[in-house]
Amino acid sequence: MANTPNTSLELLEKTAARVSDRLKTIANDTDLTWNTELDTQMHLLLNRAEEVHSKAFVVIVVGPVKSGKSTFVNSLAHAYVSPTHFLECTVRPSVISQCKAGEECRITTFRQTEFDPEASKADHVEAIIDYIKGLSYADLSGLEVQHYPLNEENLTEHVEQPIDNKVVRVTTDNVLTSITAPGGDFLGRDIFLVDMPGFDGLNANLEDKAYPIIAHRADLVIFIQSSNSAISKISTDFFDILRAGNGSAPVCLIHNYFESAYWRTEEEQKRAIRGQMEKAKEIIRSRGFNLPDANCFSINLGKVADNSEGATGSIVLPEYRAELEAATQSFREIEKELYQHIISSQHTTRLNNCLGRIKYEKELLCKMIDEQLAKFDKAREQYDKAEQELDAIREDHQLVYSRAAFPLHFSADDLASSLDGIANVTMSQQLNMGAKYNGATARGIVKSMLNMFAQTIRTYVDSHILMTDYLEKINAMTESRFLEIRNALNRVAGITIQPLSGFKDDELKVVESNAVMKAYDVEQKIGDTFLIDRYTYERMRSMMNEAKMTVIGVTQPSEPGIYRGGCLQTTILPSVQQDVANCLQDIIRKRSEAYSKLLEEKRGEVLAAIIRDFDQVDARITALKTLKTKLEGIQFT
């Protein structure tokens, strides 16, 4: 048995409720707060799902500038609610609804509390539509809502735009206006009629972000076309926008004709009007809309408006009264037909539109999920590549100390030979045959020799520690490390870094002072061994030879010029060499640590820029795939 209309509506209501509930469950099980775009789209999808519970039926009136939109709206409202003027009048959307019984008609303004003429009003428009539809999540924060009685004074102040030097300027903070009016058959309960700005206006047009937002929330689109306002590319752009986000919304065509060709026959005028109508229907249908002839009407809205004004004044000549009355009657018939064809089935139309919008936003979210998964794949590839390249230079091969890189050319034999000569000269000059020396004198002679040893060792060591060469080499190593890191960062992420500063050029002076101290250590060690008061020449010479050999060692006849066993070879020079090595190692270590720290910091920045919260990527990929599967599993029938 075929379904009756009521049965079809009940099934549609059950389907819409099931889809809405399913989306709420899915949203509650999903956390998308880590991605603003996905989270916003999920909330938008939930908003669309919530609309199935609203009875509001939104009808938008659109068309080119001066096509008669406001005149049409005034006629449906049975009141003057939308300004009409030879200049551009409608520069913001106005929502017209029927005044409730027992209430006065009024104007409601929605103004930004912090007015910024350059700021986007898109979010506020969405919130106002939610509010008008009676949705529980409507958020009017940032808006000030004020109410005024509907009269000519308030309409002029709060709806019309100021005209300075014959140029309309949109300067107010009013985002959208809502007006209640008496209305007729068409503007019944739960019907909201939106008078939209012209597509091609100077002050407001299709580029306004409010246009697609309201178009995507519409349940019925009434397109007003006049004889003197062409259907241009801008008009077709609107239908493309509508089809993309709200393709199930039905469309009506109102052709507003002008009888300017009065010299033609009535049949010729009708033929011209029919031709204009057919062309308009052809263009709308070419954009993918099913526009039945029953939804297409032709009327002279100017006559309807003049008759309405003439009813309260004397602007209509008596001989034209019947003609204007006939136009008004034609409009009432159109109003009734619109109601019978569309509004009478508004709940079915509304629910079909809701499901269509839900499906559109769901598919858009699925597409965004695919794009995010593709981003994750690409980001992981970039992450792995960047990690490999940066890890490849993590181990510092540039700032590494080696003795071969910093050789100390000490010749212990040459130095020992010099010290041997100093000892012989000292003994020949300071010692006399047969002389006797007390302890203090003996000590002074030995110390004198050791002092000359110390000075000679110091001079020798200082002349062989090539501080300038060492620092140049360290600076070259530092530069090489910097270039290695800089090139890798630039290659991986296009990052440019500056070399580190603050390294001191006098860091090697500590080596010099340590070398001097080693020479004095010998003097201290040997100079304090005198225990008796009287020394003979032979004893002095023996003691000085002993001190000399303690420092420089001895030579063998088989190895002339080769000294072995002295503290010069075993302690002093090796100690100096170790001091130099320790100092160089410490300097290089500090620089290496500084650049390693820089690399680690930049490495973290680079990898975090590619994928933030890398350790959560796998879980997010799984969650997105699960979410998409759930969304695709929703049945709309």
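Odds and ends about this structure:
- Angle between the chain longest axis and helix 36-50 axis [Cα atoms, degrees, rounded to 10]: 20
- Cα-based helix-to-principal-axis angle, 467-493 vs the chain, degrees rounded to 10: 20
- Vicinal HN-Hα couplings computed from phi for region 375-390 (Karplus, 6.51 cos²θ - 1.76 cosθ + 1.60; Hz; Gly/Pro x): 5, 4, 4, 5, 5, 5, 4, 5, 4, 4, 5, 5, 4, 5, 5, 6
- The alpha carbons of region 233-382 stretch over 81, 33, 28 Å along the principal axes, in descending order.
- Heavy atoms of T36: accessible area, 1.4 Å probe, square angstrom to 10: 100
- Evaluating 6.51 cos²θ - 1.76 cosθ + 1.60 at θ = phi - 60° for every residue in region 611-627, the Karplus couplings come out as 9, 7, 6, 4, 5, 9, 4, 4, 5, 6, 4, 4, 5, 5, 5, 5, 4 Hz, glycine and proline recorded as x.
- Cα Rg, Dmax, region 314-353, angstrom units: 16.3, 48
- Peptide packing for 175-181, 333-339 was compared via the average number of neighbouring C-beta atoms within 10 Å per residue; ordered from the highest value, the list is 175-181, 333-339.
- Amide H contacts under 5 Å for R106, placed H, 5+ residues apart: L150, T180
- Distance cut-off 32 Å, percentage of C-alpha pairs in the chain lying past it: 67
- Within a straight-line Cα-Cα reach of under 27 Å, K548 can be paired with the following lysines, leaving aside sequence neighbours fewer than 8 residues apart in one chain: K436, K447, K518, K525.
- Within-12-Å neighbourhood charge of S480 [Cβ basis; K, R +1; D, E -1]: +1
- Neighbour net charge for L140 - beta-carbon separation under 15 angstrom, K R +1, D E -1: -4
- Å² per residue, accessible surface of the chain at 1.4 Å: 51
- Isotropic mean projected area of the C-alpha convex hull, region 562-612 (nm²): 4.9
- Converting phi to 3J(HN,Hα) with the Karplus coefficients 6.51, -1.76 and 1.60 and the offset θ = phi - 60°, region 321-329 yields 4, 5, 5, 6, 4, 5, 5, 5, 4 Hz in sequence order, with x at every glycine or proline.
- The listed peptides 578-589, 14-25, 624-635, ordered by packing as a protection proxy, come out as 578-589, 14-25, 624-635 (highest mean of other Cβ atoms within 10 Å first).
- Within straight-line cross-link reach of K14, aspartates and glutamates at Cα separation under 16 Å, skipping those fewer than 8 residues along the same chain: E50, E51
- Rg and Dmax of region 383-480, both derived from C-alpha coordinates alone, stand at 25.3, 90 Å.
- If you plug the beta carbon distance of E103 and H53 into 1/(1 + (r/R0)^6) with R0 = 25 Å, you get a FRET efficiency near 0.55.
- For region 48-66 versus region 386-427, the gap between their alpha-carbon centres in whole angstrom: 86
- Anisotropy class of region 1-84 from Cα gyration tensor, a/c 1.5 cut: oblate
- Listed peptides 610-616, 547-553 by packing density, highest first (mean Cβ within 10 Å): 547-553, 610-616
- The angle separating the long axis of helix 301-310 from the principal Cα axis of greatest extent in the chain is about 70 degrees.
- Accessible carbon and sulfur surface of the chain relative to its total accessible area, %, 1.4 Å: 49
- Over region 8-55, equivalent-ellipsoid semi-axes from the Cα gyration tensor in Å: 25, 11, 6
- The simple Förster model, with R0 at 45 Å and r as the Cβ-Cβ distance, assigns A138 and F258 a FRET efficiency of 0.60.
- Summarising the amide proton neighbourhood of V194: residues at separation of 5 or more, or on other chains, whose placed amide H is nearer than 5 Å comprise V59, I60, V61, I96.
The values are calculated or read from the model by the stated rules, or taken from the named source; none is laboratory data. Because the structure is a prediction, the values reported are computed rather than measured. Every residue, glycine among them, receives a Cβ derived from its backbone with ideal geometry; neighbour counts consider all protein chains shown. Protein only, heavy atoms only, side chains kept; ligands, DNA and RNA dropped before computing areas. Shrake-Rupley method; radii C 1.70, N 1.55, O 1.52, S 1.80 Å.
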